[in-house]
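Input: a single structure, listed below in structure tokens.
The values are calculated or read from the model by the stated rules, or taken from the named source; none is laboratory data. Predicted model, so just to flag it, every value in this text is computed and none were measured. Cβ placement follows ideal geometry from the backbone for every residue including glycine, while neighbour counts extend to all protein chains displayed.
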């Protein structure tokens, strides 16, 4: 199993190209199952989660064709309407194929996802959204068995909380429902709006994506489509922290300021400068870091996917920082590993108190999930001596060539093969 070796103390400087958004790509790949016409996706990140989702649609019978800068999915000849547990257990996002299969064929069988390191993340809201559109849902032997009697029907879908996955499920299913569907308390994330843009290119009629109220006019007439995915705001935020934590300056090519307002606000509160460039954003720090409090919230609030990275940054700041996690109940699993590097953290329920100014020293650490793994890399960049980060398969799920990108900006980092 690969590991990363990092020797801290290098100031990062240069430019980093931000890849396409993983969390936007996954539902778009699933959405290809809705249509009998090809969907060409560009700006897909080369990460293992995307590879796994492409394998899932291929297992259902879709033809996946790769070119230099694009991937085409042709789902005209679907062979299977069932997704096995062996497929779902690798990545919970594969539950997103449930709605497209049900909407197109009137039936689907998808294994219930297994556990998740950062929390329960139940699929109840996905099921309730489909039931509101007229689907009959049963749980049989660990499978979600969904069917329709004559197709789905447009309805009002009220989500109990703004779940990104449930919003995407409701939106995809509604594209084939008879009549209009209104999705209330919808997630506002840019990835949801990007899925709507992809579906619109395929022939769907959607209004309000990016707000709490989405309208979908069903009975879509599908057509061949091409869609260019948005850049990854979480990757951009991670490299912004890398610039800040090392006292460096990085230009984040392709990063979009309009999708990162809460992140930029948090960085500026900690003494980091952020400004737009012709190609994206520039992040720089010359003076000392200052402690700051933050609370994770659904978009447009501060993203839970950047909480671990900002904890590493807070460890290097003057004073204390209070970090509240309100999205996932088990998202402090990186704390014991950061403490191995010298980070001073006290936990009480869903709140972490980070006392800054500690002298970090390299050590052997182990990743517990995707974002936890990159927080260890960030802390390693400023730790004295050598840090070894194990379990890189977590990191490879969502970061394209992270070690190469950091090395090109001056980091002393290398991947060690098992």
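Here residue 385 fulfils each of the conditions (1) touching a helix residue (DSSP H, G or I) at 6+ places or on another chain (Cβ under 9 Å); (2) within 15 Å of residue 4 (Cα to Cα) apart from (1). Being touching a residue at least 12 places away in the same chain (Cβ under 8 Å), crowded, with 23+ Cβ neighbours inside 10 Å and in the same structural domain as residue 266 (by TED's automatic domain parsing) holds for only one residue in 347, 322, 338, and it is 338. The single residue among 182, 207, 268 that is without any contact (Cβ under 8 Å) to a residue 24 or more places away in the chain, surrounded by fewer than 20 Cβ atoms within 10 Å (Cβ to Cβ), more than 23 Å from residue 43 (Cα to Cα) and in the same structural domain as residue 161 (by TED's automatic domain parsing) turns out to be 207.
For every residue, the table says whether it meets (1) surrounded by 15 or more Cβ atoms within 10 Å (Cβ to Cβ); (2) in a strand (DSSP E or B); (3) touching a strand residue (DSSP E or B) at 6+ places or on another chain (Cβ under 6 Å); (4) at positive phi.
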{"site": "11", "(1), (2), (3), (4)": "yes, no, no, no"}
{"site": "15", "(1), (2), (3), (4)": "yes, yes, yes, no"}
{"site": "46", "(1), (2), (3), (4)": "no, no, no, no"}
{"site": "50", "(1), (2), (3), (4)": "yes, no, no, no"}
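Taking the criterion of being at pLDDT below 95 and over 24 Å from residue 320 (Cα atoms), the residues of the range 354-372 that qualify are 366, 367, 368, 369, 370.
The condition of being modelled with pLDDT of 95 or more and farther than 14 Å from residue 10 by Cβ holds for only one of 375, 417, 383, that being 375. Of all the numbered requirements in (1) surrounded by 23 or more Cβ atoms within 10 Å (Cβ to Cβ); (2) closer than 30 Å to residue 43 by Cβ; (3) more than 24 Å from the chain's Cα centre (by Cα), residue 408 misses one, and that requirement is (1).
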